[in-house]
Structures are given as structure tokens and as C-alpha cells.
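Encoded as C-alpha cells, the structure appears first; notes follow it.
The values are calculated or read from the model by the stated rules, or taken from the named source; none is laboratory data. Just so we're clear, the structure is a prediction, and the values are computed from it rather than from any experiment. Heads up, the Cβs are rebuilt from the backbone with ideal geometry, glycines too, and the neighbour counts pull from every protein chain shown. Note: areas computed on protein heavy atoms with side chains; ligands, DNA, RNA excluded. Shrake-Rupley method; radii C 1.70, N 1.55, O 1.52, S 1.80 Å.
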Amino acid sequence: MTLPVAPEPRQSYHHGNLRQALIAAALALLEEGGVEALSVRSAAQRAGVSPGAPFRHFASRTALLTALAEEATSQLRQRVEAAVQDAAHAAPLARFTSLGQAYLGWACEHPAQFRVVSDRRLIDFDGSERLQADNEAIRQLMGRLLTDAVAPGIDVRLAQLTARALAYGLARMARAGHPDEWTPSGPGGGEAMSAALSFFVQLLQGGPSAG
């Protein structure tokens, strides 16, 4: 007599595992269909758990997106800090350039995370100490590098704002497929962004008159 085969037990999650599974599911949904495709329930379905299970961790889509942004910003911070460390013996402007290149590289490689991190309407930035700490660490690192690098007479805070706006704008343009339109006979998207960053660095070297 053949005994019936018992069904395989359903995968169970400890609280920490479920949280990470939901974040991974949210990221997959973002990459496939954008923010519009994401909800707490759709993340639960993708993770293979009941619709009510995620609400112990994430009471809303904003909370889920905030958790995703926290992990993404932490990864971005590690990326730029590692790039600056690798250029530790280079000239100050070269170290600043390495930070900018790392930022652009990460944004182009992770467009879904970049959209969430860069659009604070989607997340609870003010309610996340982790997000604020990582963002401030990146900002402070940029400020220190610029203070050491810029020519006399340049307003460091204004240079920092301009650099942040440039990197953010270039990353958004890359995500939308624009860089090739600006360099039809020159470098491609990634190279065009790198060239734009290098051009900005050259202006920093020249001081206010370079503008």
C-alpha cells in the first residue's frame, strides 16, 4: 500500500525574514512596473504570504518604500565612501570626482532605488533617522572634499548645491534616456554624464572667472 505524500510545509518567516522578503518583493515590483505597481498587498503576494501579514512591519506603502529607501541609501553611502577611499592618495578634486562618478554609477545601475531615494514625496524622510544619517554622511563627505578642492573665492556651499543638482539631474536624464540626445556624435549615455561631471570639476579649478 502506498502511503499518501504529505504536502510540503509552507515556508514560514520569522519577523526579520519577512521584513526583508517584503522589501525584496517591493523592489522587484518597482523594477517591473514602477511605483504605480506597488502596494503592501502586492508585495505580500509577491513574497508568498497572506495579505495581512505585512502590516505587522509596514502599515502603509509609504512605510514600505521608506524601508526600501533606507537600504538603498545605505548602499549608496557605502558605494561613494568606498570610491573616495580608493582615491585616498589622489588630488582633492580627483577624490571629489570619484564621489560623483560613484553616485552616477549607482543611480544608473539601480534606477528603481534611485527614484525612491530621490523623490521624498514617496517616503517618510523626516521620520527615518537612518535615512537622515546616511544622507547627512554623504553631504558632509562632499562638503569636506569640496572645501579641500575648490579654487580660492568659490562659495563651497553653493558649489556643493550645484554639484548635487548636477549629479541628480544627470541621473534623472540617464533614467529617461536623454544623454545621447546631447552628444549625438560624441560619447554615449554613461560617458556623456562622466564628461559633464568632469567639465564641472574643471570649472571648480578655475574659480569664479571660469563661469
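Listing for the model above:
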read-out: Residues of segment 4-141: accessible area per residue with a 1.4 Å probe, Å²; value: 53
read-out: Check: segment 33-192 dipole with +1 on Lys, Arg Cβ and -1 on Asp, Glu Cβ, in debye; value: 380
read-out: Residue-span extension gain [residue 121 to residue 136] - 0.36 nm each, minus C-alpha spacing; value: 3.5 nm
read-out: Global form of segment 28-76, assessed from the alpha-carbon gyration tensor, a/c cut-off 1.5; value: oblate
read-out: Relative contact order, percent, segment 53-136 [alpha-carbon distance under 8 Å, six or more residues apart]; value: 43
read-out: Derived scalar couplings ³J(HN,Hα) [segment 135-149; Karplus, 6.51 cos²θ - 1.76 cosθ + 1.60; whole Hz; x for Gly, Pro]; value: 5, 5, 5, 5, 5, 5, 4, 4, x, 5, 5, 5, 4, 6, 9
read-out: Values of log10 I(q)/I(0), in the order q = 0.20 Å⁻¹, for segment 28-169 under a Debye, Cα-only, solvent-free model; value: -1.17
read-out: Heavy atoms of residue 116: accessible area, 1.4 Å probe, square angstrom to 10; value: 0
read-out: Gain on full stretching of the segment that runs from residue 168 to residue 74 - 0.36 nm per residue minus C-alpha separation; value: 32.1 nm
read-out: Percent carbon-and-sulfur accessible area, segment 68-147, ignoring ligands, DNA and RNA, probe 1.4 Å; value: 47
read-out: Computed FRET value (nearest 0.05) for residue 89 with residue 24, which takes r as the C-beta separation and R₀ as 45 Å; value: 0.75
read-out: Area accessible to solvent at residue 79, 1.4 Å probe radius, in Å²; value: 80
